[in-house]
1. FRET efficiency for LYS223 and THR174, Cβ-Cβ distance as r, R0 = 30 Å, nearest 0.05?
2. Binning at 5 angstrom from zero up to the longest distance, how are the C-alpha pair distances of the range 206-287 distributed in percent?
3. With every protein chain present, what is the per residue accessible area of the chain (1.4 Å probe, Å²)?
4. Can you tell me the length gained on complete extension of the stretch ARG161 to SER36, counting 0.36 nm per residue apart and subtracting the Cα distance?
5. Assuming 0.36 nm per residue, please report the length gained on full extension of the stretch ARG12 to GLN186 beyond their Cα-Cα distance.
6. Please give the FRET efficiency for THR137 paired with GLU262, using the beta carbon to beta carbon distance and R0 = 41 Å, rounded to the nearest 0.05.
7. Set the Förster radius R0 to 41 Å, insert the Cβ-Cβ distance between CYS145 and THR214 as r into 1/(1 + (r/R0)^6), and round the FRET efficiency to 0.05.
8. Given the pairs LYS19/LYS215; LYS16/LYS179; LYS179/LYS207, which are separated by over 28 angstrom at their Cα positions?
Amino acid sequence: MLKHVTLLALLRSLTKKDKGLLLLDTHAGRGLYDLSSSESKQANEAAKGIERLLVHAAQDGTRFAPFPEIADYLKVVRETRQRTSDRQAYPGSPLIALAALRPQDRLTLIESQPAEHAALREAVKNASRYAREHDGTPASITIECADGYGRLAAWLPPIERRALVVIDPPYEDTTSDFKAAERASQEALRRLANAVTAIWYPIKQVKDTDTWRTKLISALPQKAGGEALSTLALELWIHPLDTRVGLNGSGMLIINPPFQFEEHARQWLPALHAALDPESRGGCAVR
Ligand SMILES: C[S@@+](CC[C@H](N)C(=O)[O-])C[C@H]1O[C@@H](n2cnc3c(N)ncnc32)[C@H](O)[C@@H]1O
């Protein structure tokens, strides 16, 4: 939820300028998820997550009105469920992005697993057909079955010279995705100095997260002319820090955050945290 609200918040800022942009999603996933899936803990997690947020919004129609980033997100989830006639459907980053991009924008989706890639194609085909019939021309979309890190070089820099790169790996292996995300963020900046890069990361042990984040930031190529590079981390966790649970929380590290993005995040992030963690056992931070 943090990842998807952040994605919409970034697109809300970046689409203020008329000029088109490229959104490169290096780990796109299957596009559409079934939260009732008995094979996973998803149904359980959803009850405390997205379903809880939707209930809050239904009970108090004004609760998220001051936070358009959260309201945008709930709207995409509701519309996905309505379109698919499935009350357990949940949109992944490709469908979330598609809802916010304009005809002058481009969306490139990379997914390496053939079965996920096939599901992604189907989900995007249906969503863009619906968008064409109801909302007008959607962004132009390319979907590839490939290694997302390896395809950065093919897609950057884009002709628009404006890009949002979203890096959302599975972190299944303890170290390799952390290292690969570091290298990919450096490559994105080398290829396009003003690229906005958003990297999702898990929060388990705070010391490890802090060490990784600090090292990644310090290794980024600096801007020409000595201007400081701007980075921002949004983090949300639901148990006390360092609690030994599978996944306590997560963060989004944003390189080159758009103008005033931080000020808005300082409003909506605590509101999202309060809705997900009503007893306030965890916390949130904008670093
Ligand atoms: C966390 S999921 C992505 C979720 C998606 N970004 C979303 O928000 O809906 C990670 C995905 O990356 C895929 N993947 C793993 N390694 C990859 C690689 N090297 N390149 C592209 N995709 C990869 C996995 O198959 C999985 O579908």
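1. Details: r = 32 Å, r/R0 = 1.07.
After rounding to 0.05, the efficiency reads 0.40.
2. 3, 13, 22, 20, 18, 13, 6, 3, 2, 0
3. Details: 13810 Å² over 287 residues.
Heavy-atom SASA per residue in the chain reads 48 Å².
4. On the way: separation 125, 0.36 × 125 = 45.00 nm, distance 4.07 nm.
40.9 nm is the gain from fully extending ARG161 to SER36.
5. Details: separation 174, 0.36 × 174 = 62.64 nm, distance 2.47 nm.
Roughly 60.2 nm would be gained on extension.
6. Working: r = 32 Å, r/R0 = 0.79.
For R0 = 41 Å, the calculated efficiency reads 0.80.
7. Numbers: r = 34 Å, r/R0 = 0.84.
With a Förster radius of 41 Å, E is 0.75.
8. Working: LYS19/LYS215 33 Å; LYS16/LYS179 33 Å; LYS179/LYS207 17 Å.
Over 28 Å apart, Cα to Cα: LYS19/LYS215; LYS16/LYS179.
The values are calculated or read from the model by the stated rules, or taken from the named source; none is laboratory data. Bear in mind the structure is a predicted one, so any value in this text is a computation, not a measurement. Cβ sites come from the backbone with ideal geometry, for glycine too, and all protein chains shown count toward neighbours. Protein only, heavy atoms only, side chains kept; ligands, DNA and RNA dropped before computing areas. Shrake-Rupley method; radii C 1.70, N 1.55, O 1.52, S 1.80 Å.
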